[in-house]
Amino acid sequence: MEDKNIMNLGTTTVGIVCKEGIVLASDKRATAGNLIADRRTQKIYQIADEMVVTMAGNASDAQLLIKIIKAQLKLDFLKIGKPLTVKETANLLAGMVYGNLRKMSMMPGVTHFILGGRDKDGFHLYDLFPDGTVTKYPDYVSSGSGSVTAYGVLETLYKNDLSVNEGIKLVIKSINASIHRDNYSGDGIEVITITKEGVKKAYNKELDYEL
């Protein structure tokens, strides 16, 4: 039986590749069954100096895996003296996702991450599907319950030569479209950029519902 008190991230997250970097975005709503449990949920986390993930799925599992991967990346840096590449990090986190889903539990540990980052080989965007599949995208990817709507916007407006500023506007449009159509997405938009200047918060706005 489903536990209605468990917080889930029915959500919309988006990642796109631009000329000068990666842009990641998410809404801010977390739900427990049909209840809006939190209107200010953080769904984008920096896990290394130049790597960021968005999360969807069961909030407790996703948050725990993020803590573990952050700690593991620090340990690996101390062991080998250099940071892991984005590809290595994607495979490491995907292995955790795979194992988490298949462990014995009263509640399936369903998590879905989008990983964006920069290393010596450039900028990279990966989708880490709930079954542990790793897919690299040269353009854009979306996850969560509102992703179908977000994809409609992305497929219509995405161009290969987008600037980061244009990318910011595009992800805001895609998340906003999902907020209007998906009951489990809403309450605000956060946007993070990864460029040669590092990781920066480019946009963070909560929706005002007061009359």
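The values are calculated or read from the model by the stated rules, or taken from the named source; none is laboratory data. Just so it is clear, the structure is predicted and the values come from calculations on it, not from any experiment. With ideal geometry, Cβ positions are generated from the backbone for all residues, glycine too; neighbour counts draw on all protein chains shown.
The set of residues in segment 63-113 being modelled with pLDDT of 95 or more, in contact with an Asp or Glu (Cβ under 6 Å, 6 or more places away or on another chain) and either surrounded by fewer than 17 Cβ atoms within 10 Å (Cβ to Cβ) or under 23 Å from T11 (Cα atoms) (or both) consists of T85 alone.
Criterion first (within 30 Å of G33 (Cα to Cα), surrounded by fewer than 19 Cβ atoms within 10 Å (Cβ to Cβ), modelled with pLDDT of 95 or more and of a type outside the set (F, W, Y)) does K173 satisfy it? Let's see the steps before the verdict.
Values: within 30 Å of G33 (Cα to Cα): yes; surrounded by fewer than 19 Cβ atoms within 10 Å (Cβ to Cβ): yes; modelled with pLDDT of 95 or more: yes; of a type outside the set (F, W, Y): yes.
Against the criterion (within 30 Å of G33 (Cα to Cα), surrounded by fewer than 19 Cβ atoms within 10 Å (Cβ to Cβ), modelled with pLDDT of 95 or more and of a type outside the set (F, W, Y)), K173 qualifies.
When the residues of segment 114-128 are narrowed to those that are surrounded by 12 or more Cβ atoms within 10 Å (Cβ to Cβ) and small (G, A, S), which ends up farthest from A56 (Cα to Cα)? Taking the candidates together, the pick is G117.
When the residues of segment 29-62 are filtered to those that are within 12 Å of N100 (Cβ to Cβ) and out of contact with any Leu (no Cβ under 8 Å at 6 or more places or on another chain), which remaining residue is surrounded by the most Cβ atoms within 10 Å (Cβ to Cβ)?
At the first step, the residues of segment 29-62 found to be within 12 Å of N100 (Cβ to Cβ) are 57-58, 60-62.
Retained after the next criterion (residues that are out of contact with any Leu (no Cβ under 8 Å at 6 or more places or on another chain)): 60-61.
Values: S60: 14, D61: 22.
By that ranking, first place goes to D61.
Within segment 9-34, residues that are within 22 Å of K196 (Cβ to Cβ) and assigned to a loop (DSSP other than H, G, I, E, B) have Cβ atoms under 8 Å from residues that are among the hydroxyl-bearing types (S, T, Y) and modelled with pLDDT of 95 or more in these pairs: K19/S163; E20/S163; E20/T195, counting only partners at least 6 apart in sequence or on another chain. Within segment 41-51, if we keep just the residues that are outside any strand (DSSP E or B) and in contact with a Lys or Arg (Cβ under 6 Å, 6 or more places away or on another chain), the residue that is nearest to L162 (Cα to Cα) turns out to be E50.
Acidic (D, E), more than 15 Å from the chain's Cα centre (by Cα) and outside any loop (DSSP other than H, G, I, E, B): is that true of D76 in this structure? Break it down stepwise before answering.
On the way: acidic (D, E): yes; more than 15 Å from the chain's Cα centre (by Cα): yes; outside any loop (DSSP other than H, G, I, E, B): yes.
So D76 fits the description; yes.
Examine segment 192-211 for a residue that is in contact with a Lys or Arg (Cβ under 9 Å, 6 or more places away or on another chain), in a loop (DSSP other than H, G, I, E, B) and within 30 Å of G95 (Cα to Cα), and state whether such a residue exists. Scanning segment 192-211 turns up at least one residue that is in contact with a Lys or Arg (Cβ under 9 Å, 6 or more places away or on another chain), in a loop (DSSP other than H, G, I, E, B) and within 30 Å of G95 (Cα to Cα).
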